[in-house]
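See structure below.
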Amino acid sequence: MSGSNEYTPPKVWKWEKQSGGTFANINRPVAGATHQKDLAVGKHPIQLHSLATPNGVKVTVMLEELLALGFEGAEYDAYFVNIGEGEQFGSGFVAINPNSKIPAMLDNSGPAPIRVFESGAILLYLAEKFDAFIPTSHEGRTQCLNWLFWQMGSAPYLGGGFGHFYSYAPIKIEYCIDRFAMETKRQLDVLDQHLADNQFMAAQMYSIADIAIWAWYGQLALGRIYDGSAEFLDVGAYRHVQRWAAEIDARPPVKRGCMVNSARGELHTQLRERHDASDFETKTQDKIEAAKSQDIQK
Ligand SMILES: N[C@@H](CCC(=O)N[C@@H](CS)C(=O)NCC(=O)O)C(=O)O
C-alpha cells in the first residue's frame with residue numbers, strides 16, 4: 001500500500017495517544033482494576049454481570065432456556081455493566097474476570113463461590129452443571145464442542161475485525177474492511193454448508209453450540225448487529241443460516257435472553273437488570289420510565 005497516511009511502525013510501540021473510535025476512552029494496554037468498586041450481590045444462586053452484546057446474550061439465553069426447562073438452580077440476578085463507562089475495570093468485576101470483559105458469572109450455590117469467565121466457558125459450565133443443552137454421547141459432545149470452540153475462535157474476526165472496521169473505527173480503511181468482510185462471508189458459508197444438511201449445529205439437537213453461534217452469526221443474519229452490514233454482506237444469500245437463525249429466534253427463552261441487560265432497541269425490549277421472572281412484565285425500560293415521569297408529575 002502507498003499514500004500519505006502510510007504508517008511506519010517504530011521499533012517499540014508506545015501508548016502515546018488514544019486511537020480514536022468508539023472504544024478509545026476505555027482501551028488500555030494494561031490489565032487490572034482502575035478503581036475500587038464492590039459488586040452488588042442478589043438473592044439467587046447465579047450472579048451475572050453482563051451486557052446484551054452477542055457475548056452477553058449467549059449466557060442470558062442459556063439461563064432462560066434452563067429456567068424454561070424447570071431448573072430452579074438456574075435462577076439468576078443479572079446486573080448491567082456499562083462497558084462504555086469502564087465499569088469492567090472496577091475491583092469487584094476484575095475479581096471475577098481478570099480479563100475485564102463481560103460476561104462474568106459467579107455461582108454462589110456451593111460451599112464456596114465459583115467464578116466463571118469467557119462466554120464459552122460459562123455455557124459449558126452451565127451445560128455440565130444442569131446436564132442440559134449438551135449431547136450425552138462422547139461423539140455428540142465432541143461435535144458440540146467442535147462448534148462451540150469454532151465460535152469462540154471465529155467470532156473475533158467478525159466482531160473485532162469486520163465489526164470494528166466497518167462500524168467503529170474512526171476512518172473507513174478499505175484494506176481492513178475487505179479482509180474481514182471476506183473472512184466473515186467465508187465463515188457464513190461454513191455455517192450455511194453445514195446447516196444445509198443439519199437442523200442444528202451438532203448431534204441433531206439444539207445445544208450450547210447453537211446458542212453461542214446464533215448470538216453472533218444468527219443475529220448478523222437477522223440484521224441485528226452492525227447497521228448496514230446485512231446488505232453489505234448479503235446475508236440473505238445464506239439460506240440455511242437464515243432458516244436456522246429464524247427457528248432459534250422464535251424460541252421464547254431466546255427472546256427473553258436478548259432483553260436482559262439490554263440498553264438498545266425499543267424500550268419495552270430492554271430489561272436492564274433481571275432479578276425475577278416477573279421483571280419481564282414489570283421492569284422493562286418503558287415501564288420504568290413511565291413510572292419515573294408519573295413521580296415527577298406528582
Ligand atoms: N472472549 C470473550 C470476549 C468478551 C468480550 O469481548 N466482551 C466485550 C463486550 S462483547 C467487553 O466486555 N468489552 C469491554 C472491553 O473490551 O473493555 C468472551 O467470549 O467472553
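Since every read-out is calculated from the coordinates, none of them should be taken as a lab result. These numbers come from a predicted model, not from an experiment. Note that we place each Cβ from the backbone using ideal geometry, even for glycine, and neighbour counts take in every protein chain shown.
Need at least 2 residues that are free of Cβ contacts under 8 Å to residues at least 12 places away in the same chain per element, so show me which helices (runs of 4 or more DSSP H) inside the stretch 50-161 make the cut, counting only ones lying wholly within it.
119-130, 138-156
Among the helices (runs of 4 or more DSSP H) contained in the stretch 192-295, which hold 3 or more residues that are more than 19 Å from the chain's Cα centre (by Cα), free of Cβ contacts under 8 Å to residues at least 60 places away in the same chain and surrounded by fewer than 20 Cβ atoms within 10 Å (Cβ to Cβ)?
In the stretch 192-295, the matching helices (runs of 4 or more DSSP H) lie at 239-249, 279-282.
I'm told ASN108 meets every condition in (1) under 24 Å from ARG264 (Cα atoms); (2) surrounded by fewer than 18 Cβ atoms within 10 Å (Cβ to Cβ); (3) among the polar types (S, T, N, Q) except one. Can you identify the failing condition by its number?
Exception for ASN108: condition (1).
Against the conditions (1) in contact with a helix residue (DSSP H, G or I) (Cβ under 8 Å, 6 or more places away or on another chain); (2) within 30 Å of GLY21 (Cα to Cα), where does TRP147 fall short? Just the number, please.
Here TRP147 clears every test but (2).
Of the residues that sit in the stretch 53-93 and are of a type in the set (Asp, Glu) and away from the ligand (no atom under 16 Å from the Cβ), which one is farthest from the chain's Cα centre (by Cα)?
Among those residues, the one meeting the criterion is GLU72.
Quick one: in the stretch 97-118, of everything that is among the aliphatic types (A, V, I, L, M) and within 12 Å of the ligand (Cβ to nearest atom), which residue is farthest from LYS283 (Cα to Cα)?
The qualifying residue farthest from LYS283 (Cα to Cα) is VAL116.
Restricting attention to the stretch 142-167, report how many residues are surrounded by fewer than 18 Cβ atoms within 10 Å (Cβ to Cβ) and more than 12 Å from the ligand (Cβ to nearest atom).
Matching residues across the stretch 142-167 total 4.
Given GLY20, GLY32, which one is more than 15 Å from the ligand (Cβ to nearest atom) and loosely packed, with under 15 Cβ neighbours inside 10 Å?
GLY20
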